[in-house]
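Let me begin by presenting the structure, written as structure tokens, before commenting on it.
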Amino acid sequence: MHTWKRPYSRLGLRLLKGFSLLFLLLVMSGCWGQKNIDQLTVVAAIGLDAAPDDRIEMSVQLVNPTLPVAAGAGGQRRPFAMYAAEGDTIFEAMEQIRKQAKKNLFFPQSRIILIEEELARRGIEEYTDFFWRDTQQNPLSWILISKQPARDTLQKSKELEDVPSEEWSDFIKNRRGNSSVTLELYKFLPRLDQVGFQAYAAGIAPVSKGGEETMAIREIAVFKQHKLVGWLTDRQAQVLGWLQGKSHNGMIQFELQDRGPKPVVFELKQIKVRLVPSVYRNRVAYRVGIRAKAELKSSVKSLDLTDVQTNRLLEKKLAAQIRESVEQTIERVCRTYNSDVIGFGEALHQSYPRQWKRMKKRWNEELADLDVQVSVSVPIIKTGLKSDQRGLQPE
Amino acid sequence: MKRNNRPLQEQIGQFKSELGNSADLSIRECAVGVKQIPIAVLWLDGIVDTQSLNEGVLAPLISRTRELDVTAHEDLYIWLQNSVITAKKVSHALSIDQAITLLLSGHSIVVMDGCEGSIAVETLGIETRSIEEPASTVVVRGPRDGFVESLEVNVSLIRRRIQNKKLRVEAMTVGSVTHTSILILYLQDRAPEETVAEVRRRLSQIHIDAVLESHYIEEIIRDNARSLFPTVYSTERPDDIAGGIVEGRVALMVNGTPFVLLVPCTLFHLMKTSEDYYLAYPVATFVRWLRYIGLFIALLFPSLYVGVLMFHPEMVPPYLLSSILSAREGVPFPLLIEALLMELTFEGLREAGIRMPRAVGSAISIVGALVIGESAVRAGIISSPTVIIVAGTAISSFIIPSIDLSGTIRLLRFFMLICASLFGLYGVLFGLILIGIHLTTLRSFGISYLAPIAPYKKDEARKTLIRVPWWTLRTHSRRHR
Amino acid sequence: MKRKISDLQFFFIIFVSVASLTYFSIPTQLVPKARQDLWLSMAIGAAVDIYVAYILHWLGRKYPGQSLIQYSRTVLGPIGTLFGFIFVLFFLIVIVSAMWLFCKFLSTTLMPDTPGIIFSATMTLATGWAAYHGLESIARLAQFISVLILSASVLLILFSIRELNLHYLLPPFENGVGPAIKGAVYPASWFGICIVIGMLMPHLANPKRTFKMKASAVLLGAFVMTVTFLCSMAVIGPYMASRIDYPIYMFSRIIHLAFFERFDILLMLIYISGTFITFSTLYYGAAVGAAQLFGTRTHRNWVKAFAIFFVASPLLPFSNNASYAFLFFDKWFPLFGLLIEGGITTLIFVAALAKDRIERRR
């Protein structure tokens, strides 16, 4: 009589337990670690400005989520918004921003970190720790140094794309024909601490075009430890890019004399740079070898490239031009700014660790008198569609 | 035959009362032999084939015994049985209970005056459906005959495919009230002896009262009763069953249902169809892989969506994230509730679609999906990515060939959804691991559920993952375990 | 009925255990100390492990059908029982430490707001259930998971080729061979978890090939992980690698597979499933060992008994004190680990050898 009752009631009890657990789960779901995506705002760029009294001003460029045009979005909303706040530390500034934006900031997809030049000159040592520790930061964000306050750069730029930092990061990622190269966060941060391999970053500055401002990414800022010490011109920036192995293309222009200076432009492709240290009697010397293939892009003066002499002349001039650029850049970097951005120290460390250990402490002084030899080998490979031949009858 | 003095009428009366004076009990009394010994033939209308009754029983009894002069009842019996009755199957029924059992299964009972016992003649003739295309599966290429409800016809469909003397057919009866007949079919030299013995043992332990469909048996004889996963394969197609029997598996036919069971069954059997073998092997391999992917999508799609968006939005490419976020603006429900709502709505639509008459059914599903979904998105109740997710899941769940497995996946999908909402992708992994552990402990009649992948047997695994072409298969010594 | 696992399944279990342990536990200690010479540490660690594997293989063949606990009792009598007890305790401590590391890792990186106890509770539940059902279940899952781990690691390495900066791996041995050798204690002690094969050997279908399988699995696991470590150093540079707590994680964050940006989460999930196998195997070994020590018939009750310890692992006292934790993993764990894995097993081995010789002389 009792035997059949028990299994049913046990089953009933089990079902009740199961359902209440299920209900609890549904209600509680996401107690832990859930990111409420309705409250989420994607941060596209971070800006750091210098504020008076040794404080820092942080600004963020937030993306306003919009449907792509194909899905029938209007153009009515602002594609991005900018918020800024001051604080003693980055964290404090972030809290202030959160209070303004009233949303959670979502950092992992940020693309650019803008540092204002003034702040960089003051030194960013106090703020790097935040970027080391925070797991939410995107190690792949690019560093740019902004000539005007970062806040303004983030606010006022009008680019082709909706969100300006997208356009900037796409530009940087696409390395072809770029003269300004810059580092990602994960490469930038450790270099701030190392002596043999200093950090650098590209600059971004506004260029006015009849009332509207767009941003141009040009020049490169050189850092010594945590401080910005100077700028490299576009041409020097290009050379730095080659030396770092970041860009493998470039344009070289020089002039030929023919009733006045006539510019000749070459495009260099497949640029390979080798930095070889050698130690001789406790003295370190470097050999920088550059190899590339040159393509004639345009020439105002008419040239006859079938002539061996002309070719040789051109190549010599080209090589000389390149060598001069490189030497000038190295001089600027090592002597004027006294910062080993190119990585001579690291090269020494990798090949001759013992020497490096000895020289490490005085490296910056060593750098000023560094013995560097540059050798260039650039054959002219292509000349485009136009055939340059003397002996063609003019029409 | 024992002789007793029971008059014919008494015996007839006994039959009638046992059956409660059933309206479909028919009695034909006649007289045999010169001496005109009264005998009676009893049968149940409707389950008896009138023609064989007439030709095999009544006609010979009446017409051919006219000149015969037989007195001894023993001789009469034997003589009737052996020489007069021309129907195909004749047997003794010693007691009245046996006789009634046989009567209920379509036999005609011949009772004789003054004799204990009766002769039972098999005259079964039930109206049965003609062999037609199976309704539960759509056949693209391959034979289009399907099983019917009659055991004989079903056995014939197998016999004509496997004309081998080693094909064994064993009969059993289950169901204390319904006395349903069951047939066990296997090839003696291919099916492992332990499996067959195990099948017999489990069938003999069935103690329920009614067996109306093969699923009743399926639930009782399966290995792990509490598992959600099906461990018995069922199908309406004879070529499926024949293929399985040739592989060395055991088929179970239940009277009254066209769905025939096949054991043992692994997860990979459930993902195969016999049509794989009728298509070209590259295409078949591609389709097979598509099914596996479909299985995972059906299980994981909603949970991945919820898990990624709620816990790891950084995994989504930025533009996509932007458009999802904007699509979700204004939606009142949190993501989990929204996903659950859509899933349940879809399940409801699906159920409703089954019961709709054909003409209306397809319209409802299209209407439901498009119009309701579209309007709901417009009204801002749900967001369009959710609709896409749910639709994708639904389509993938149809890719799974086995209905049972598909049902299991549908249920597990909700479990995974809850795991995802609690712990994100870690929760999805956790849920998958739990399901994985469960699968590795499942067995089906001695074979582990995940064979041949785990434990790994190279040849079998190769055949499961890729549909190997015919010229490498079907060798004489092939043995399937 | 003892169900046997095949040697391939055994291979997969060991491989998965080695690979996932290495992902979670070793980089934090090893990379800052050995830096670009870590391949040497890994090699030495693997060699130590192979030595231990050989000992266990010999012992397992000498006393077929007996597990580590059982034959240590046979060889050394009451001391053997003590050793057996130490072994079981050791397994438990390993699981608790590894669980602690695991919870900390996940709490820091994958799901920042989730308390660690969630991870330990869920993992204990899953591994306990697997251990409850026995080795076969674990082995079958290991087959799937090892394929995943292998392909994920290979993909990671392949896709990092573009970003590789092999110069970072120079100069070799800049501080001499010392740091690499000293650093070898970390991989050696963690690989040595594989003395759990002493518990598994009775279940192998083919005990003769134990050594071969174990050695090749350890080698493969160590190799794959070493290449991963080296690639990560080549990408993020040794300076950063030694200053970040979880360099491999940072490495996987930087690499992206075409459009798929956050490979690190996927990789982490795959390694979590590998950790599941490791934990289940250890759990099973501990439970069976306890059952054999105390003479219970089945290991299942022990599975339930131990569960509470594992769930509580992130809550251990002193565990949140960074200096204690560091001390533990830096010094105590490797030391005691090696002592137990290498030392005690060698003792048993020597004793068994001696016993064997004595018996032969009679």
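The values are calculated or read from the model by the stated rules, or taken from the named source; none is laboratory data. The model shown is predicted, which means the values in this text are computed figures rather than measured ones. Note that we place each Cβ from the backbone using ideal geometry, even for glycine, and neighbour counts take in every protein chain shown.
Listed by position, the helices (runs of 4 or more DSSP H) contained in region B:264-362 that have at least 3 residues being within 14 Å of another protein chain (Cβ to nearest Cβ) are B:281-311, B:318-327, B:335-355.
Determine, yes or no, whether A:Gln100 is over 18 Å from A:Leu183 (Cα atoms) and of a type in the set (S, T, N, Q). Yes, satisfied.
For B:Arg249, state whether it is among the basic types (Lys, Arg) and under 19 Å from the mean Cα position of the chain (by Cα).
When the stated conditions are applied, B:Arg249 passes them.
Among the numbered conditions (1) buried (at least 18 other Cβ atoms within 10 Å of the Cβ); (2) out of contact with any helix residue (DSSP H, G or I) (no Cβ under 8 Å at 6 or more places or on another chain), the only one that C:Phe223 does not meet is (1).
Of all residue pairs spaced 6 or more apart or on separate chains, those with beta-carbon atoms under 7 Å, a first member in region A:330-342 that is among the basic types (Lys, Arg) and a second member that is in a helix (DSSP H, G or I) and buried (at least 22 other Cβ atoms within 10 Å of the Cβ) are A:Arg332/A:Gln236.
Looking only at residues of region B:386-411 that are touching a residue at least 24 places away in the same chain (Cβ under 8 Å) and within 14 Å of another protein chain (Cβ to nearest Cβ), we find that the one that is nearest to the chain's Cα centre (by Cα) is B:Leu411. Has region A:35-42 got any residue that is among the hydroxyl-bearing types (Ser, Thr, Tyr) and modelled with pLDDT of 75 or more? So far as region A:35-42 goes, yes, one or more of its residues are among the hydroxyl-bearing types (Ser, Thr, Tyr) and modelled with pLDDT of 75 or more. Just one of (1) part of a helix (DSSP H, G or I); (2) surrounded by fewer than 21 Cβ atoms within 10 Å (Cβ to Cβ) fails for B:Ile184. It is (1). The conditions of being surrounded by fewer than 22 Cβ atoms within 10 Å (Cβ to Cβ), touching a helix residue (DSSP H, G or I) at 6+ places or on another chain (Cβ under 7 Å), among the polar types (S, T, N, Q) and assigned by TED's automatic domain parsing to the domain that holds A:Val273 are met by A:Asn338. If you go through region C:223-273 and pick out every residue that is assigned to a loop (DSSP other than H, G, I, E, B) and among the aliphatic types (A, V, I, L, M), you end up with 3.
Within region B:419-442, being within 14 Å of chain A (Cβ to nearest Cβ), in contact (Cβ under 8 Å) with a residue 24 or more places away in the chain and aliphatic (A, V, I, L, M) holds for B:Ala420, B:Leu425, B:Val428. Any idea which residue in region B:86-122 is modelled with the highest pLDDT, counting only those that are touching a Phe, Trp or Tyr at 6+ places or on another chain (Cβ under 9 Å) and over 18 Å from B:Ile12 (Cβ atoms)? That would be B:Gly106. Taking the conditions exactly as written (out of contact with any Asp or Glu (no Cβ under 7 Å at 6 or more places or on another chain) and free of Cβ contacts under 8 Å to residues at least 24 places away in the same chain), does C:Ala34 satisfy them or not? Against the criterion (out of contact with any Asp or Glu (no Cβ under 7 Å at 6 or more places or on another chain) and free of Cβ contacts under 8 Å to residues at least 24 places away in the same chain), C:Ala34 does not qualify. When the residues of region A:229-274 are filtered to those that are small (Gly, Ala, Ser) and in a loop (DSSP other than H, G, I, E, B), which remaining residue is farthest from A:Tyr286 (Cα to Cα)? Only one residue tops the list, namely A:Gly260. Filtering region B:145-173 to residues that are under 22 Å from B:Asp404 (Cα atoms) and out of contact with any helix residue (DSSP H, G or I) (no Cβ under 8 Å at 6 or more places or on another chain) leaves only B:Glu149. Determine, yes or no, whether C:Met99 is surrounded by 22 or more Cβ atoms within 10 Å (Cβ to Cβ) and outside any helix (DSSP H, G or I). When the stated conditions are applied, C:Met99 does not pass them.
Those strands (runs of 3 or more DSSP E) of region A:100-161 in which at least 3 residues are more than 14 Å from chain B (Cβ to nearest Cβ) and of a type outside the set (D, E, K, R), considering only elements entirely within it, cover A:112-116, A:142-146. Restricting A:Val265, A:Val239 to those that are surrounded by 13 or more Cβ atoms within 10 Å (Cβ to Cβ) and touching a helix residue (DSSP H, G or I) at 6+ places or on another chain (Cβ under 9 Å) reduces the list to A:Val239.
For C:Ser20, are the conditions met, namely being under 22 Å from C:Ala142 (Cβ atoms), within 14 Å of chain B (Cβ to nearest Cβ) and hydroxyl-bearing (Ser, Thr, Tyr)?
In short, yes.
It is to be established whether one or more residues within region A:114-136 are at pLDDT 85 or above, in the same structural domain as A:Glu57 (by TED's automatic domain parsing), in contact with a strand residue (DSSP E or B) (Cβ under 6 Å, 6 or more places away or on another chain) and under 25 Å from B:Glu314 (Cβ atoms). Scanning region A:114-136 turns up at least one residue that is at pLDDT 85 or above, in the same structural domain as A:Glu57 (by TED's automatic domain parsing), in contact with a strand residue (DSSP E or B) (Cβ under 6 Å, 6 or more places away or on another chain) and under 25 Å from B:Glu314 (Cβ atoms). Where helices (runs of 4 or more DSSP H) sit wholly within region C:111-213, those with at least 1 residues that are more than 14 Å from chain B (Cβ to nearest Cβ), of a type in the set (S, T, N, Q) and surrounded by fewer than 21 Cβ atoms within 10 Å (Cβ to Cβ) occupy C:135-160.
Only one of the numbered conditions (1) surrounded by 14 or more Cβ atoms within 10 Å (Cβ to Cβ); (2) of a type outside the set (Asp, Glu); (3) farther than 30 Å from A:Asp369 by Cα; (4) in contact (Cβ under 8 Å) with a residue 60 or more places away in the chain is violated by A:Tyr286, and that is (3). Determine if region B:317-324 includes at least one residue that is surrounded by 22 or more Cβ atoms within 10 Å (Cβ to Cβ) and assigned by TED's automatic domain parsing to the domain that holds B:Cys419. Scanning region B:317-324, I find at least one residue that is surrounded by 22 or more Cβ atoms within 10 Å (Cβ to Cβ) and assigned by TED's automatic domain parsing to the domain that holds B:Cys419, so the answer is yes. Tally time: how many residues in region B:90-114 are in a loop (DSSP other than H, G, I, E, B) and under 19 Å from B:Ser52 (Cβ atoms)? Final tally of qualifying residues: 2. Do we have C:Tyr239 as surrounded by fewer than 20 Cβ atoms within 10 Å (Cβ to Cβ) and within 14 Å of chain A (Cβ to nearest Cβ) here? So C:Tyr239 fits the description; yes.
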